[in-house]
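As structure tokens, the structure follows; a few thoughts come after it.
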Amino acid sequence: MSAVDWGRLEGDLTEEIVSAVREVTTRSAGSAVYGAALTDIHARDMLFLWPAIRVATGAPDYAVADRRWDVDCWPVQVDWSGRGDKWAETLTASVGFGDYLWDSVTVRFRESLVSASRRATRALIRSGVVDEAFAVVVHDPDDPVAAMKNSLTVEQLATLFPELNKLAEIEDQLSRLSEPEQVEQLVEMLVHADSREQHHLAHRLLVAAGPTAVSRLVAALGLLPSGAAASGGIDRVLDVLLAIGEVDDQAAERILAFAKIPTTTAEVRAHAVSVLSAGGQTGRAMNLLADLPDNLAGRAVSAPYVDGERRRQLDYAPIREVLAMRPELDEVMAAELTSDRIQDIGHEDLRTAADALDSPSRFIRRHASIVLLSSHL
């Protein structure tokens, strides 16, 4: 298997973007083309797809900049070409050969999307097809803020997306701090900031910090009131802990203690069950299950298997432990499984899934089937 020619890939994608914008400009009857975006980006479940291209037309109105750049609302889409299909096949087939591991190919693919977007922006502005305010962005649902920010120059970011520019400045300031200081600032932002964008930034960076952030997150949890009034901050902390997916015994005990406070809502207790289950603390999670109704309990136990973020290798042992105590949850969890709600899949999960096809649990059988069907083998 030959290496992916990343330079040629970026060149082909740049040409497709430029061609799409020229085509839309020609038929737009004088309506300004102010932006383009790479969309429908798929790099998961061991499958790559070539992005589609959306093009935005209309008179610029910086008073509603955020709405102008709501890519999902842009009506003009140019689907990928046969050349794009071949690149998608090449990328998918390259994984597993030599140094071409999934994570490294995914990172390089996303870097190529950004590079091609920037190259296309420069080429179109130089040609006079669009004006100086034009930009091509990457619209990546897995990390929308970072993808958008990386697609733009500093000047474009400041002009078109002042809120994103503010986040970039915050991230730059954080990068100059020590890791413990970064974690401290990020937890404060996660819990107390008013901006949803800052919450997303804190979430992303705390998840990237990994287990080193767990003790500080759990400490913050203990300082929050347990009632419904503080549920926003509590849920954000638990979401980060769930995404990190590693909880040591000391942290698990503190989460358990918080969840058992009488004023803690059933929804928060269910969220804590998900965190403990994902973190390998099934025994402690089961301590909280007894008082939860079936719908909340089933959702809490199945969350690590369906929410899309991959934390560790697929393991059905925690599910089997829970079903031994509450077998009625099997039907509840199985009923909510769908093919578009599944954790990210790695090649090392396939043997586990194949071995689980004859499990007595309907949830495990169905989940394993979806894993195998989603692997596109």
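The values are calculated or read from the model by the stated rules, or taken from the named source; none is laboratory data. Because the structure is predicted, anything quoted here is derived from the model rather than measured. Every residue, glycine as well, gets a Cβ built from its backbone with ideal geometry; the counts of neighbours run over all protein chains shown. Ligands, DNA and RNA are excluded from the accessible area calculation, which covers all protein heavy atoms including side chains. Shrake-Rupley method; radii C 1.70, N 1.55, O 1.52, S 1.80 Å.
List the helices (runs of 4 or more DSSP H) inside segment 1-116, counting only whole elements, that have at least 1 residues being basic (Lys, Arg) and at pLDDT 90 or above.
Because the criterion is at least 1 residues that are basic (Lys, Arg) and at pLDDT 90 or above, the helices (runs of 4 or more DSSP H) in segment 1-116 that meet it are 6-27, 82-94.
If I go through segment 78-100 residue by residue, how many of them are surrounded by 15 or more Cβ atoms within 10 Å (Cβ to Cβ) and either without any contact (Cβ under 8 Å) to a residue 24 or more places away in the chain or not hydroxyl-bearing (Ser, Thr, Tyr) (or both)?
7
Here is a check on your reading of the model: is Val129 in contact with a Phe, Trp or Tyr (Cβ under 9 Å, 6 or more places away or on another chain), closer than 30 Å to Arg22 by Cβ, not basic (Lys, Arg) and not in a helix (DSSP H, G or I)?
No.
Six or more apart or on different chains, Cβ atoms under 7 Å: show the pairs whose first residue is in segment 272-294 and within 16 Å of Asp307 (Cβ to Cβ) and whose second is aromatic (Phe, Trp, Tyr).
Listed by first residue and then by second, the contacts come to nothing, as the list is empty.
Among the residues of segment 316-335, how many are under 22 Å from Gly279 (Cβ atoms) and loosely packed, with under 15 Cβ neighbours inside 10 Å?
Final tally of qualifying residues: 3.
Val130: open to solvent by 60 Å² or more (accessible area, probe 1.4 Å), among the β-branched types (Val, Ile, Thr) and either touching a strand residue (DSSP E or B) at 6+ places or on another chain (Cβ under 8 Å) or modelled with pLDDT of 85 or more (or both), yes or no?
no
List the residue pairs whose Cβ atoms are under 7 Å apart, where the first residue sits in segment 354-377 and is closer than 20 Å to Arg44 by Cα, the second is part of a helix (DSSP H, G or I) and not aliphatic (A, V, I, L, M), and the two are 6 or more positions apart or on different chains.
The qualifying pairs are His367/Tyr305; Val371/Asp349.
Find all pairs meeting these conditions: Cβ atoms under 6 angstrom apart; at least six residues apart or on different chains; first residue within segment 160-174 and under 13 Å from His200 (Cα atoms); second residue in a helix (DSSP H, G or I) and open to solvent by 30 Å² or more (accessible area, probe 1.4 Å).
Hits for this filter: Glu163/Glu197; Leu164/Lys149; Leu167/Glu197; Ala168/Lys149.
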